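Colleague: The structure that follows is given in the form of structure tokens.
Values in this text are rule-based calculations from the coordinates and carry no lab data. Quick caveat: nothing in here was measured; it's all calculated off a predicted structure. Ideal geometry is used to build each Cβ from the backbone, glycine not excepted, and the neighbour counts take in all protein chains shown.
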Amino acid sequence: MSALLNRLQAGLLALDENQLRRRRRTVETRCAPRTDADGQPVLAFCSNDYLGLASHPALVAALQEGAARYGVGSGASHLISGHGRAHALLEEQLAAFMAPQLEAPRALYFSTGYMANLAVLSALAGRDAEIFSEELNHASLIDGARLSRATVKVYPHRDLEALEGLLKASRAETRLVVTDSVFSMDGDIAPLPQMLALCERYGAWLVVDDAHGFGVLGAHGRGALEHFGLRSEQLVYIGTLGKAAGVSGAFVAAHETVIEWLVQRARTYIYTTAAPPALAHALSASLALIAGSEGAARRLQLNQLIAHFRGALQLKRWCLLPSDTAIQPVCIGASRDALAASAALQRNGLWVPAIRPPTVPRDTARLRVTFSAAHERADMLRLVDALQAAEEESDGR
């Protein structure tokens, strides 16, 4: 091999030595708790399909209807000819849905959550701005802050005192406080009420990536803002549509002036082909489910599973991290031990992934358990028994 390939191969070998190489599994059936992965039937606790909508018959039918009505592609970017009636209707519905939490709201639909986060930070901030970023923020927020060319200052996890100190010392005209709502590897929630109060005191935008809260948190599924009862024109809200909503994409909801600025300046919106309108058509059906009685019932089922799981699981050495969300991490420590625990569960027909550095800090490798409203109580109890048996088994190694 050439020197170029040799360097890459050496890097891959280093990942292997440190138990850090990632490997894909191929899912052969629809997204559901019971699925086939690499040809083996498994009970999965690793999907972000929190409400169990990804295979919902109404959404499948809506996607088929959308494809029949609009075709399978948009053909161009939104600002050329790719902005279809389905996109426009979805954005109107999302804005109306989020209206109780936002002043003069408007919504903008993106192909992915990653693109939405890049768009917000690169368009709202510039060289003369300062971004105050939570240390456990998602990679897309980190990359968006870098692309903005703003000065970036990272504050410790959920540390309001440190955040206020940074805001107080800032002399930037434009300031953005940026945070996940539900932290994807820990499952805890940012202290958004206190953060919004700081932003209003010091004249900053509060950018909230609610990837793991939209559809799940709040009485009507409006996410972390509804969960805390927040409302402000300084809020910029990013909701993911490929997790609890069960389909694909993301949206930004904010004051109409903010959204118009994104339309004019957000490169990941302007310079990409619009998502297929059939997806937007399916998302309209998803939003109706989330907002209605079925969505409420599914949120209740999910919350009951979480509470019963936390009450039933009894661990001696491993640590179930504090979380009231669908993300229930079991911290183990070393990457090798987390991989062994995941393999032990797999032998029992359970799919729970091991999460390792750099996704989480060193010596905090963990099993990331995620629940869906599509899980049953018996599924949860089977997982509890398997986790406790895997911990006991690890004692002998």
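Colleague: Arranged by the count of other C-beta atoms within 10 angstrom, fewest first, what order do PHE97, PHE251 take? Each step should come with its number before you reach the end.
Modeller: Numbers: PHE97 22, PHE251 25.
Exposure proxy ranking, most exposed first: PHE97, PHE251.
Colleague: Further question: If you restrict to DSSP beta bridges whose two residues both lie in segment 57-291, what percentage is antiparallel, to the nearest 5?
Modeller: So the antiparallel bridges amount to about 40 percent of the total.
Colleague: Oh, and also: Using a Förster radius of 30 Å, what is the FRET efficiency between HIS308 and GLN194 based on their Cβ-Cβ separation? Nearest 0.05, please.
Modeller: 0.50
Colleague: Could you go through segment 255-262 in sequence order and give the Karplus-derived ³J(HN,Hα) for each residue, using 6.51 cos²θ - 1.76 cosθ + 1.60 with θ = phi - 60°, rounded to whole Hz, and x for Gly and Pro?
Modeller: Here the 3J(HN,Hα) series is 4, 4, 5, 4, 5, 4, 5, 5 Hz.
Colleague: OK, next. For segment 57-291, with the dipole built from +1 on Lys and Arg beta-carbon atoms and -1 on Asp and Glu ones, taken about the Cα centre, which of TYR70, VAL177, VAL208 lies farthest toward the positive end?
Modeller: TYR70
Colleague: Could you pull out every residue, at least 5 positions away or on a different chain, whose amide H is within less than 5 Å of the one on GLU233? Hs are placed 1.01 Å off N in the peptide plane, and Pro or chain starts have none.
Modeller: For GLU233, whose amide H was placed from the backbone, the distant partners under 5 Å are GLU103.
Colleague: Let me ask something else. Roughly what would the spin-label model give for THR359 and LEU315, points 7 Å off Cα along C-beta, in nm?
Modeller: Placing both labels 7 Å beyond Cα along the Cβ direction yields 1.6 nm.
Colleague: In Å, what Rg and Dmax follow from the Cα atoms of segment 241-305?
Modeller: 15.1, 44
Colleague: Taking θ = phi - 60°, what integer Hz values does the Karplus form 6.51 cos²θ - 1.76 cosθ + 1.60 yield along segment 85-91, in sequence order, with x for Gly and Pro?
Modeller: 4, 5, 4, 4, 5, 4, 5
Colleague: Roughly how many Å is it from the Cα centre of segment 325-397 to that of segment 181-255, as a whole number?
Modeller: Answer, in whole Å: 27.
Colleague: Which cross-chain or sequence-distant (5 or more) residues have an amide H under 5 Å from the amide H of GLY249, H modelled 1.01 Å from N in plane?
Modeller: So GLY249 has HN proximity to GLY113, LEU241, GLY242.
Colleague: While we're looking at this one, here's another question. So what's the chain giving for Rg/Rh, alpha carbon basis, Kirkwood Rh from the mean inverse pair distance?
Modeller: Reported Rg/Rh (Cα atoms, Kirkwood Rh): 0.97.
Colleague: Follow-up question, since we're still on this one. In sequence order, what are the phi-derived ³J(HN,Hα) couplings for segment 32-42 according to the Karplus relation 6.51 cos²θ - 1.76 cosθ + 1.60 with θ = phi - 60°, rounded to whole Hz, with x for glycine and proline?
Modeller: So the J values, rounded to whole Hz, are 6, x, 9, 8, 10, 10, 6, x, 10, x, 9.
Colleague: Next question. How far apart, in nm, are two points set 7 Å out from the Cα along the Cα-to-Cβ line at LEU160 and at GLN64?
Modeller: Reported label-point gap for LEU160 and GLN64 is 5.1 nm.
Colleague: With N denoting the number of residues in segment 57-291, provide Rg(C-alpha) divided by 2.2 N^0.38 Å, to two decimal places.
Modeller: Dividing the Cα Rg of segment 57-291 by 2.2 N^0.38 Å gives 0.98.
Colleague: Now, a different point. For ARG201 and ALA76, what does the FRET efficiency come to when R0 = 25 Å and r is the distance between their Cβ atoms, rounded to the nearest 0.05?
Modeller: Computed FRET efficiency for ARG201 and ALA76 comes out at 0.05.
Colleague: Using a simple spin-label model with points 7 Å from Cα along the Cα→Cβ vector, what separation in nm is obtained for ARG25 and ALA288?
Modeller: Reported label-point gap for ARG25 and ALA288 is 3.5 nm.
Colleague: Continuing with the same structure: Can you pull out the trypsin sites (Lys or Arg not before Pro) in segment 96-160 whose DSSP state is coil and whose Cβ has at most 11 other Cβ atoms within 10 Å?
Modeller: Here the trypsin sites (Lys or Arg not before Pro) that fit, given the DSSP loop and packing criteria, are ARG127.
Colleague: Moving on. Looking only at segment 232-251, which residues have a backbone nitrogen under 15 Å from a spot 7 Å from the Cα of THR257 in the C-beta direction?
Modeller: Only 232-236 pass the distance filter.
Colleague: Further, regarding this structure: Can you give the Rg/Rh ratio of segment 148-264, where Rg is from the C-alpha atoms and Rh is the Kirkwood radius?
Modeller: 0.96
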